[in-house]
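Shown next, in structure tokens, is the structure this report addresses.
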Amino acid sequence: MQIPERFSDLPDYAFPRLRALLGDTPPGGVVVALSIGAPRHPFPDWGALVIAGAVAEFGNYPPNEGTPELLGAISAWIARRHGVDISPDRILTANGTRETLFAATVGLCPEEKAGKPPLVLIPNPFYQVYSVGALAAGAEPYYVPATQETGFLPDFTGLPAEVLDRTAILFICSPSNPQGAVASRDYLKDLLNLAEKHDFRVFADECYSEIYRDAPPPGLLAVAADAGADPERVVAFNSLSKRSNVPGLRSGFAAAGPETMVQMRRMRSYSGAPLPAPLQRVAERLWADEDHVEASRAIYVRKYDVANDVFRDIDGCAAPDAGFFLWMPVEDDEAATLKLWRETGVRVLPGAYLGRDTTDGNAGRGYIRAAMVTADEAELQRGLIALRDCLYR
């Protein structure tokens, strides 16, 4: 049987492609895994105790939108972090942000815009669920390159008016995956002005927002509140995976305007699986606690320094503004990834696997992504030195 035509040209997901690229090639040294952005810093010891104390709640169906306590904890975190009052009824929890990003795109994208199939604007390279959500909604993904020339953020304001008029949803990821670029308040305000002028929503993926060196990255909710923007044009997404080093907990959320949230909750009541109640209990505690986040951030700051020291003589290989990825230029990203694995045992990801080929090219091609996720700074330093000496010396 045939699959739907709209999904027929999807490439394999990045990590199966990486496994196929490396194949049976043995590693050339002690393996240092830098390909997957799964944080390995410690999380609070009390987390297991919270789950154990709530284990009886596995016997009940949990609230689909989130327990009142978890929604309240997220609301309080948004107020502390962004200075914005987002009431709990404007928040929806989910099994990580990937689910929420997909569901929000399907549930909020109209059937047509300006008399044609709608467009969903997507940075290139990007988190792959953006494009699948657009296709599932019957929209056309429109990839906007995020290159060194544009500060590794897409130049949405330079798009033609006819493209913007057909746009239903614009995705922005800040700090960006994979480049680690941070959108300024002015940049985000410009997106809100575009959304108002051309009548579309802005989806802000802010999952890396709590990993930075000095100043916390601006959030779209705060910029929208300060600008007096229509709250129905804004949906912000975040997660505990990176912030609290619990990617296996699968706890994310979306925050939106009141009417938008009614629609999102209505859709999720049909299609979403709620997070088990004991996991919601520990998520509640994690959103309420900043000590473990600050401790983890301090480790990342030290790793930024390690990376900057290792690559101090190599152009384009400095630590990012935020997030935990190194985005490093190479001549051929697949060849460099295979060479690095074969000769050193360091595992990275070709940048092209995170982008999409378009008439403007693939903005991920010619880069490799290394995830600085290990908590062992000596292991990271060893891996980065091996990477430098293999590819840049």
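Readers should treat all values here as calculations from the given coordinates under stated rules, not as data from a laboratory. As the structure is a computational prediction, the values presented were derived from the model and not from experiment. Quick reminder, even Gly has a Cβ in these numbers, built from the backbone with ideal geometry, and neighbours come from all protein chains shown.
Data overview
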| quantity | calculated |
| --- | --- |
| Simple label model, 7 Å out from Cα along Cβ direction - Arg302 to Phe15, nm | 2.7 |
| Efficiency of FRET from Cβ geometry, Thr150 and Asp230, R₀ 35 Å, rounded to 0.05 | 0.85 |
| Count of Lys pairs (Cα-Cα under 26 Å; at least 8 positions apart or interchain) in the chain | 7 |
| Share antiparallel - DSSP beta bridges, the range 60-289, percent rounded to 5 | 35 |
| Cut-off 15 Å, label 7 Å out along Cα→Cβ of Asp45, residues of the range 280-314 by amide N | 292 |
| Three-way shape call for the chain based on the alpha-carbon gyration tensor, with the a/c threshold at 1.5 | oblate |
| Among Gly83, Gly383, Gly96: highest mean-square fluctuation, GNM of the chain, C-alpha pairs under 10 Å | Gly83 |
| Globularity index of the range 60-289, i.e. its alpha-carbon radius of gyration over 2.2 N^0.38 Å | 0.95 |
| Order of Asp190, Asp205, Asp376 - criterion: other Cβ atoms within 10 Å of each residue's Cβ, fewest first | Asp376, Asp190, Asp205 |
| Contact order relative to length of the range 246-393, as percent, for alpha carbon pairs under 8 angstrom and 6 or more apart | 20 |
| Gain upon complete extension [Asp357, Ala295; 0.36 nm per residue less C-alpha separation] | 18.4 nm |
| The range 1-146 shape via C-alpha gyration tensor axes, a/c threshold 1.5 | oblate |
| Over the chain, relative contact order from alpha-carbon pairs under 8 Å, at least 6 apart, % | 26 |
| DSSP-defined antiparallel bridges as percent of all bridges, the range 45-185, nearest 5 | 10 |
| Net dipole in debye of the range 271-333 [+1 Lys, Arg Cβ; -1 Asp, Glu Cβ; about Cα centre; nearest 20] | 440 |
| The chain: most fluctuating residue of Phe203, Phe324, Phe43 per GNM, C-alpha cutoff 10 Å | Phe43 |
| For the chain, share of DSSP beta bridges that run antiparallel, in % to the nearest 5 | 45 |
| Most fluctuating residue given options Leu191, Leu249, Leu21, as computed from a GNM of the chain linking Cα atoms under 10 Å | Leu21 |
| Computed E for Gln381/Arg213 - FRET, C-beta separation, R0 25 angstrom, nearest 0.05 | 0.90 |
| Magnitude of the charge dipole, the range 60-289, Cβ model with Lys/Arg +1 and Asp/Glu -1, debye to 20 | 600 |
